[in-house]
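*Asks:* Would you mind keeping the following structure in view while I ask a few things?
The values are calculated or read from the model by the stated rules, or taken from the named source; none is laboratory data. Keep in mind it's a predicted model, so treat the numbers as computed, not measured. Methodologically, a virtual Cβ is constructed for each residue, glycine included, from the backbone with ideal geometry; neighbour enumeration extends over all protein chains shown. Just the protein is used for accessible areas: all its heavy atoms, side chains included, with ligands, DNA and RNA removed. Shrake-Rupley method; radii C 1.70, N 1.55, O 1.52, S 1.80 Å.
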Amino acid sequence: MSNEIQKVIEVKNAKKIYRMGNERISAVDDVSFSILKGEFCCLYGVSGSGKSTLLNLMAGIEKLTSGQIIIKGQSIHKMGEKGLAKFRQNNLGFVFQSYNLLNSMTALENVELPLIFKRIGSKKRKKMAKDMLVMVGLQKRLKHKPKEMSGGQQQRVGIARAFVAKPDIVFADEPTGNLDSKTSKEVMDLIKEIARANNQTIVMVTHDRRLAEYADKIIHIFDGKVEGIEILNDLRSPNAEVPKEEQQLESVDGDIA
Ligand code: ADP
Ligand code: MG
């Protein structure tokens, strides 16, 4: 049963070369791996190793020089601009290091944005955005603008926005890079909890080993290459820390059902 979990992302011989004048920079250099549905996967490595480039290739933000990226069975590198935009809207969410919230908008309006793009009606949209903000603990900040909130609160809004449309995959590039360690832990716990509850896949970039350890799988990146893959929690094993029902019961009363 559990070994039938499907591959939700497949990266095959991905390469990205940047040309700067006469110089060629191999930011991603023949990288292959796959990520399972519901897996929390970390791209881990030092600064400049190519993590963000790889994440951006997977999210369809950057174009491959060669290779393939297949998400939910679809080759995203073959999609046109419109098709890709639609695919991202329907399947992907994003959490950014610098939050990327719109400063003129309230927390609620920021979280509503992806739903506006999906043409969800105003009433339903407001309810979904509010429910999501309640889930991230911001029920008292719905009308606050980003500048009226702490960094941790702003990132909670960022998380609510990334997850509100229930995307299958959420990409996060150093999501706690601007936060202190206690707030970072809270934000990481929140991302993991929401993703687990909905069987969503997370692809997160970090250079911090402690944060990488939240993952089920750590992909070590060095010099544009995969240096090794470390599996901390094998979703295909019968002992995997995954069934959402059990997770919820444990977190409700601390009792193992
Ligand atoms: P990381 O996220 O691991 O810090 P990046 O993916 O940002 O690494 O960068 C990998 C390499 O590619 C670095 O050498 C960086 O200078 C280079 N690079 C990244 N983006 C560009 C770009 N738009 N143009 C040219 N070089 C780039
Ligand atoms: Mg980076």
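*Asks:* Give, rounded to the nearest 20 debye, the magnitude of the charge dipole that region 7-246 has about its Cα centre when Lys and Arg contribute +1 at Cβ and Asp and Glu contribute -1 at Cβ.
*Replies:* I would put it at about 1340 debye.
*Asks:* How large is log10 of I(q)/I(0) for region 7-246 at q = 0.17 Å⁻¹ when the intensity is taken from the Debye formula with one equal scatterer per alpha-carbon?
*Replies:* With one equal scatterer per Cα and no solvent, log10 I(q)/I(0) is -1.31.
*Asks:* With a bin width of 10 angstrom, please list the P(r) values of region 25-159 as percents of all Cα-Cα pairs, from the 0 bin to the one holding the largest distance.
*Replies:* The percentages, shortest bin first, are 10, 33, 32, 21, 4.
*Asks:* Give the calculated FRET efficiency between MET79 and TYR18 to the nearest 0.05, with a Förster radius of 22 Å applied to their Cβ-Cβ distance.
*Replies:* Efficiency computed from Cβ-Cβ geometry: 0.50.
*Asks:* While we're here: Can you run the Rg to Rh ratio on region 78-126? Use alpha carbon positions and the Kirkwood inverse-distance Rh.
*Replies:* On the Cα set of region 78-126, Rg over Rh gives 1.02.
*Asks:* Cut-off under 28 Å on the C-alpha distance; same-chain residues fewer than 8 positions from LYS16 excluded. Which lysines are left, in chain and number order?
*Replies:* LYS7, LYS37, LYS51, LYS63, LYS72, LYS78, LYS82, LYS86, LYS217, LYS225
*Asks:* Same structure, new question: Quick one: if you stick a label point 7 Å off each Cα along the C-beta vector at PHE117 and PHE222, how many nm between them?
*Replies:* Label-label distance for PHE117 and PHE222, simple model: 3.6 nm.
*Asks:* Can you find, among ILE221, ALA172, VAL134, the residue sitting farthest towards the positive end of the charge dipole of the chain, where Lys and Arg contribute +1 and Asp and Glu -1 at Cβ?
*Replies:* With unit charges placed on the Cβ atoms, the residue in question is VAL134.
*Asks:* Oh, and also: Carbon and sulfur atoms: what percent of the 1.4 Å accessible area of the chain do they account for?
*Replies:* Answer for the chain is 49 percent, counting heavy atoms of protein chains only.
*Asks:* State the extension gain, in nm to one decimal, for the chain segment bounded by SER104 and ALA197, taking 0.36 nm per residue of separation less the distance between their alpha-carbons.
*Replies:* Full-extension gain reported as 30.3 nm.
*Asks:* While we're here: Find the accessible area per residue for region 1-97; the probe is 1.4 Å, ligands and nucleic acids are left out, and the unit is Å².
*Replies:* Working: 4970 Å² over 97 residues.
That works out to 51 Å² per residue.
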